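Each reported figure results from applying straightforward, stated rules to the coordinates on display, with no laboratory input. Please read these numbers as outputs of a predicted model, since none were measured by experiment. Note that we place each Cβ from the backbone using ideal geometry, even for glycine, and neighbour counts take in every protein chain shown.
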Ligand SMILES: *Cc1c(COP(=O)(O)O)cnc(C)c1O
């Protein structure tokens with residue numbers, strides 16, 4: 001009889017066995033500033049109205065496979081041109097996976113600037129699709145020449161551009177992005193997960209390029225637990241992607257909730273305004289901290305570098321003081337000695353700053 005181990009060794013794809021599972025840090029009891037979550041609870045009246053909406057759910061039925069109401073609400077709230085199609089995903093992570101499944105094959109690759117969103121290389125590797133990373137410049141701006149040369153040489157099926165970028169936080173130059181869309185032989189995905197914190201994005205370009213799609217998510221707006229992301233773009237592309245989508249990928253609770261929150265969008269916008277305001281306070285405080293270099297951000301987090309000390313040690317020292325941030329050291333050469341902190345409530349931000357200053361004064365980090 002085969003042992004379980006023998007079966008795993010024989011049958012699981014070696015590339016999968018060699019991978020590490022995506023690690024989510026244990027955050028119990030900590031000030032959680034590692035994952036770009038909105039820190040604010042819903043106001044009591046909105047929460048009560050949401051729970052009333054959920055009471056209408058027909059839980060014994062499969063969800064509406066088209067989610068037409070969510071799509072039209074998204075178009076209305078986000079000013080998506082009427083002629084564009086919408087594809088919904090169980091988070092935008094699922095949409096990234098659908099896009100890669102649609103184009104994968106021998107001699108195919110996808111391309112993105114680096115450092116960038118970890119899910120692009122991670123999902124590509126999972127699918128056995130080649131991933132090409134093109135370094136950003138030292139200030140984390142797009143290197144137009146390097147991008148255009150890599151696109152010409154590699155002919156990527158898809159170019160992913162997250163703007164604002166994660167984990168660097170900056171927004172990319174519009175003209176450089178335009179030159180990339182014009183040069184790319186394949187699809188260009190503009191990932192605007194942080195649009196609500198960054199002012200106008202590139203939604204106005206939709207409809208002007210046959211190879212341009214815009215991806216957004218409700219996660220960073222205060223709805224990370226819902227898992228709702230979407231893609232807007234030309235129907236010729238989205239019809240193909242829709243064949244890959246599993247029929248009921250958006251569950252009925254997420255669908256009803258997404259409709260509800262899009263009807264109450266002003267509340268999410270108000271919370272984002274508070275976060276933007278607190279982002280500048282946190283930026284100034286980090287900017288004034290000796291031994292730290294903080295980078296400008298158009299998102300709900302800040303990237304900073306330890307100049308004279310170790311990010312690993314500082315990360316540990318912050319944890320010892322009850323604060324969880326993201327340690328990026330070791331993930332990518334351009335993120336050497338870097339940590340990323342999500343903008344929390346005023347109290348959480350202060351707890352982080354206190355822990356940071358204590359840690360640095362104690363010589364940790
Ligand atoms: C958080 C994030 C997403 C993924 O969001 P989900 O919708 O929660 O899967 C996509 N792109 C970028 C750049 C992100 O930072």
Percent relative contact order of segment 207-365, based on C-alpha pairs within less than 8 angstrom and at least six residues apart? 16 percent
For residue 127 and residue 331 in one chain, what is 0.36 nm times their gap in residues minus the Cα-Cα distance, to one decimal in nm? 71.4 nm
Rank these for me by crowding, 312, 45, going from fewest to most other beta carbons within 10 Å. 45, 312
FRET E, pair residue 179, residue 236, Förster distance 22 Å, beta-carbon r, rounded to 0.05: 0.40
Do you know the relative contact order of the chain, to the nearest whole percent, from alpha carbon pairs under 8 angstrom that are 6+ apart? 21 percent
Cα pair distances of segment 233-338 binned at 5 Å [whole percent]: 2, 9, 12, 14, 13, 10, 12, 13, 9, 5, 1
A convex hull over the alpha carbons of segment 102-244 yields, per residue, a volume in Å³ of 113 Å³
Among 77, 12, 203, determine the one that fluctuates most according to a GNM of the chain built with springs between C-alpha atoms less than 10 Å apart. 12
Could you list 341, 132, 118 in order of exposure, starting from the residue whose Cβ has the fewest other Cβ atoms within 10 Å? 118, 132, 341
Go ahead and run the numbers for FRET between residue 60 and residue 118, Cβ-Cβ distance against an R0 of 51 Å, rounding to 0.05. 0.85
Cα Rg, Dmax (largest Cα-Cα span) when computed across segment 92-164, Å: 11.9, 35
Rounded if a/c under 1.5, otherwise prolate or oblate - segment 307-365, Cα gyration tensor axes: oblate
What helix-only [θ] at 222 nm does the chain give? Using -39500 (n - 2.57) per DSSP H run of at least 4, over all residues, to the nearest 500, the answer is -12500 deg cm²/dmol
Relative packing of 209-218, 263-272, 184-193, which averages over residues the other C-beta atoms within 10 Å, highest first: 184-193, 209-218, 263-272
Could you work out, for segment 182-307, what percent of all Cα-Cα pairs fall into each 10 Å distance bin, beginning at 0 Å and stopping at the bin that holds the largest distance? 11, 31, 31, 20, 7, 0
How do 208, 23 rank when sorted from fewest to most other Cβ atoms within 10 Å of their own Cβ? 23, 208
Could you tell me what % of all Cα pairs in segment 1-81 have separations over 20 Å? 72 percent
Over the chain, with a Gaussian network built from C-alpha contacts below 10 Å, which listed residue (337, 350, 97) shows the highest mean-square fluctuation? 350
GNM result for the chain, Cα springs below 10 Å: residue of 82, 298, 102 fluctuating most strongly: 82
Would you give the gap between the C-alpha center of segment 124-179 and the C-alpha center of segment 32-50, rounded to a whole Å? 33 Å
Pop out the Kirkwood hydrodynamic radius of segment 3-152 from its pairwise C-alpha distances, inverse of mean 1/r, in Å to one decimal. 20.4 Å
Calculated FRET efficiency for the pair residue 354/residue 68, C-beta based, R₀ 45 Å, to 0.05: 0.40
Projected area averaged over orientations for the chain, convex hull of C-alpha atoms, nm²: 21.0 nm²
Using alpha-carbon pairs under 8 Å, 6+ residues apart, how would you state the relative contact order of segment 87-144 in percent? 33 percent
